[in-house]
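Following: one structure in structure tokens, then a few remarks.
The values are calculated or read from the model by the stated rules, or taken from the named source; none is laboratory data. Given the structure is predicted, the values throughout are model-derived calculations rather than measurements. Glycine gets a Cβ as well: all are built from the backbone with ideal geometry, and neighbour counts include every protein chain shown. Quick note on the areas: whole protein, heavy atoms, side chains included, nothing else; ligands and nucleic acids left out. Shrake-Rupley method; radii C 1.70, N 1.55, O 1.52, S 1.80 Å.
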Amino acid sequence: MTVTPLTTNQDLDPQRLREAFGIFPSGVVAVAAEVEGRLVGLAASSFTSVSLDPPLVQFSVANTSKTWPDLRRADHLGITILADHHGAVCRQLAGDVDHRFDGLDVSATADGAVTLDDGLARFDTSVYREVEAGDHTIVLLRLHAVAHPAAGEVPGLPLVFHRSGFGSLSRPA
Ligand SMILES: Cc1cc2nc3c(=O)[nH]c(=O)nc-3n(C[C@H](O)[C@H](O)[C@H](O)COP(=O)(O)O)c2cc1C
């Protein structure tokens, strides 16, 4: 393997950066809510857990997002951790806004948090803080409720996003 020296002042070409960022694998979530009777949401691979006390998670949203200005108005937001069979669902949730929820079984809380019924884990959240971060905004979310398989139940495997494609983890023997 050729070792490229890490030199400073190198041109951080966005395309090369995107490829480098894509080497880091991540899970994918659906962020969704009911806003004025309409289902609004998007897929996000930037999700991560942040804090237990207070319970916080975060994701980052592109400042070009047309959906976020609507989504952020919801009282509560649902987060669903997608399973490895959700590759097409994930693409749908990132695609045409008028068809993002077509054929999906979803549930909404009274506060408007929307989650996918067959997600691996589901969170009821609300916006805690938004932090400007370059061409994205880091959205910190406070957790209000969580649903996931009970101890002893075999959980499904998560959808893994890696180098612009979807994969899965192999179940430990
Ligand atoms: C696997 C995957 C991961 C994504 N992760 C993010 C993300 O973390 N943040 C983000 O702003 N958009 C992400 N997107 C894009 C959004 O789902 C959506 O397509 C984008 O926000 C444009 O739609 P909008 O203008 O309706 O927001 C991702 C898309 C895919 C397919």
Item to check | Subset of the range 126-163 (residues that are under 23 Å from Cys90 (Cβ atoms) and either of a type in the set (Val, Ile, Thr) or open to solvent by 90 Å² or more (accessible area, probe 1.4 Å) (or both)) | outcome: Val127, Asp135, Thr137, Ile138, Val139, Val146, His148, Val154, Val160, Arg163
Checklist entry - For Val106, are the conditions met, namely being free of Cβ contacts under 8 Å to residues at least 24 places away in the same chain, more than 12 Å from Ala43 (Cα to Cα) and of a type in the set (Val, Ile, Thr)? => result no
Checklist entry - Out of all the residues in the range 121-157, which are closer than 16 Å to Ala43 by Cα, within 16 Å of the ligand (Cβ to nearest atom) and out of contact with any Leu (no Cβ under 6 Å at 6 or more places or on another chain)? => result His136, Thr137, Ile138, Val139, Leu141
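Return a yes/no flag: does the range 155-163 have any residue that is more than 21 Å from His86 (Cβ to Cβ), assigned to a loop (DSSP other than H, G, I, E, B) and at pLDDT 85 or above. Give the derivation first.
Our first condition is that a residue be more than 21 Å from His86 (Cβ to Cβ); within the range 155-163, this holds for none.
No, every residue in the range 155-163 fails to be more than 21 Å from His86 (Cβ to Cβ), assigned to a loop (DSSP other than H, G, I, E, B) and at pLDDT 85 or above.
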Checklist entry - Does the range 69-103 hold any residues that are in contact with a strand residue (DSSP E or B) (Cβ under 7 Å, 6 or more places away or on another chain), of a type in the set (A, V, I, L, M, F, W, C) and crowded, with 19+ Cβ neighbours inside 10 Å, and which are they? => result Leu71, Ala74, Leu77, Ile79, Ile81, Leu82, Ala83, Cys90, Leu93, Phe101
Checklist entry - With the range 1-100 as the region, which helices (runs of 4 or more DSSP H) entirely inside it contain at least 3 residues that are free of Cβ contacts under 8 Å to residues at least 60 places away in the same chain and more than 13 Å from the ligand (Cβ to nearest atom)? => result 14-21
